[in-house]
Structure formats: structure tokens, C-alpha cells
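The structure under discussion appears below in the form of C-alpha cells.
The values are calculated or read from the model by the stated rules, or taken from the named source; none is laboratory data. Being a predicted model, the structure only gives us computed values, none of them experimental. All Cβ positions, glycine included, derive from the backbone under ideal geometry; neighbour counts span all protein chains shown. Ligands, DNA and RNA are stripped out before the accessible areas are found, and what is left, the full protein with its side chains, is counted by its heavy atoms. Shrake-Rupley method; radii C 1.70, N 1.55, O 1.52, S 1.80 Å.
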Amino acid sequence: MRIDIITVLPEMLDGPINTSILKRAQDRGLVEFGVHNLRDYTLDKHNRVDDYPYGGEAGMVLQIEPIDRCISALKAKRDYDEVIFTTPDGEQFVQGTANELSLKQNIIILCGHYKGVDYRVREHLITREISIGDFVLTGGELAAAIIADAVVRIIPGVIGDEQSALSDSFQDNLLAPPVYSRPAEYKGWRVPDILLSGHERKIAEWKLDQSQERTKRLRPDLLK
Ligand code: ADE
């Protein structure tokens, strides 16, 4: 899979995509990233990529021309399954979105910024608009990093034990059960006896029970 990210702040993506599991996934050839500075695609002699909005609103708007030039340059090299725009008024990003995107071959993520982008970008160049939640960030870079992280970690082979991605919270609309590690007792706080029993079937039943109880208590909306 290949993920191309278009941004005015490429340095914001450096940490998230070049650290830990996402870095290892790239080193192993399981995913390829391209980060593209929108300013490299402007024809403006001062490298500007934004301008005042028509109609006199406050704030600046990312212009269509550099975005179109960047997307066209990428599309000249390969076909893309999706051109995603990160924006608080997009569809809500959930585990199902990550699962779906992880099956794609090539995707572009355009990071929104400032007041927004020229709406013609959204009308003509974008195939999907995604929000990571009902709050407003300073820009779409962190949203793009979150989408990339959630998508890449479920590509087969990226996480050592594939089971561990499948048993995540949300994969079956249930929160994950609690996990514990050594020591079995710390300051008098004990790991549940059942987990030390070695009884596989009972342990599996306990985990499911815990998942259901935690979901009912903490996220009843997931059970609807
Ligand atoms: N850009 C600013 N806020 C955002 C959000 N909540 N989701 C996606 N992109 C954003």
C-alpha cells in the first residue's frame, strides 16, 4: 500500500510516520509513504498557497491551483483509489473506515488548513472527506497521521501477532478486555485468579464477559 500526504507542514508528519511501527512497516516494504509540501506546487513567486476568501469572511483559504497541480503530478505516476480530505465536517473516522482503507492500493490524504480549502477542491478533486472527531484542530496533519496510523497497523504483517489487531477494541463493536502482566501481585493488587489458572476456555469466557460488561458500562452506544 502507498499513502501520499499533501500538506503545508510536512515536518508535522515526520515523527508519526517515521517512528516505531509505521517506520518498521516501511522498512519491511509493507507500506510506502510520500509526504508532499504543497508549497512545491505553487506558481506564486512568494510560494503562497493561500489567499483571502471571496465574500469577506475571516481567515485564509488554501487555493485550488497548487492542490490541483500536486494531485495531478501524483496521479500521473499511479492510479489512486481515494483522494481523502481531512476536515471536521467530514464523515466520522471509525475502525470500519480504517479496515476499509487498509485494503486499498494507493491513497492520497490532503491535509486541510487555515479556514479551509477552496470548495472547488472538495467538489472536483476529492473522493472522500474524513473527520477524526467533533472538535477542531489547527490543521489536518494530526488527523492524517491518525488515519495513517490506524490504517497501517492493520495491514497483515505490520503487527507481529496478527491476532492482536483483530482483538482490538472496536473490531467487533466491543471494547477490549483488561490485560495484566507480571508481577501477579503488586502492593496487594492482584491479577484476577482466572488469568493465572491456565484454563483456556474459562479464560476466553472471562475475556468475552469483561468485554461485554465494559462496553455496556462505558460505551453503550456501540451495542445498538
Ligand atoms: N482538521 C481540523 N479539525 C479536524 C478534525 N476534527 N478531523 C479532521 N481534520 C480536521
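The relative contact order of segment 167-223, computed from alpha carbon pairs under 8 Å that lie at least 6 residues apart in sequence, is 42 percent.
Do you know the relative contact order of the chain, to the nearest whole percent, from alpha carbon pairs under 8 angstrom that are 6+ apart? List each step's numbers first, then the result.
Numbers: 322 pairs, mean separation 46.5, N = 224.
Taking the mean separation of contacting Cα pairs over the length of the chain, I get 21 percent.
How much accessible area per residue does the chain have, in Å², with a 1.4 Å probe? All intermediate terms of the calculation are to be shown ahead of the outcome.
Values: 13210 Å² over 224 residues.
Each residue of the chain exposes 59 Å² on average to a 1.4 Å probe.
Sites listed here are trypsin sites (Lys or Arg not before Pro) in segment 57-148 whose DSSP assignment is loop and whose Cβ has at most 12 other Cβ atoms within 10 Å: 77, 78.
Counting other Cβ atoms within 10 Å, which chymotrypsin sites (Phe, Trp or Tyr not before Pro) in segment 1-97 have at most 10 and lie in a DSSP loop? If you can, show how the numbers build up before the last one.
Numbers: sites: 33, 41, 54, 80, 85, 93; in loops: 54, 80, 93.
Answer by residue number: 54.
For 12, 1, the ranking by accessible surface with the largest value first comes to 12, 1, using a 1.4 Å probe.
What whole-number distance in Å separates the alpha-carbon centres of segment 39-61 and segment 89-103? Rounded to whole Å, the Cα centres lie 30 Å apart.
Ligands, DNA and RNA aside, residue 196 has an accessible area near 100 Å² when probed at 1.4 Å. Under the shape rule built on the C-alpha gyration tensor, where the axes satisfy a ≥ b ≥ c, segment 167-223 is prolate, since a/c reaches at least 1.5 and a/b is greater than b/c.
Once a ≥ b ≥ c are taken as the square roots of the eigenvalues of the Cα gyration tensor of the chain, is the result rounded (a/c under 1.5), prolate (a/b larger than b/c) or oblate (a/b not larger than b/c)? Here the chain falls in the prolate category. Computed over the chain with a Gaussian network model linking Cα atoms closer than 10 Å, the most mobile of 192, 183, 16 is 183.
Could you work out how far the C-alpha centroid of segment 104-177 sits from that of segment 1-15, in angstrom? Centre-to-centre distance over Cα atoms comes out at 13 Å.
Under 10 Å, Cα contacts only: if you run a Gaussian network model on the chain, which one of 194, 84, 17 comes out with the highest mean-square fluctuation? It is 194.
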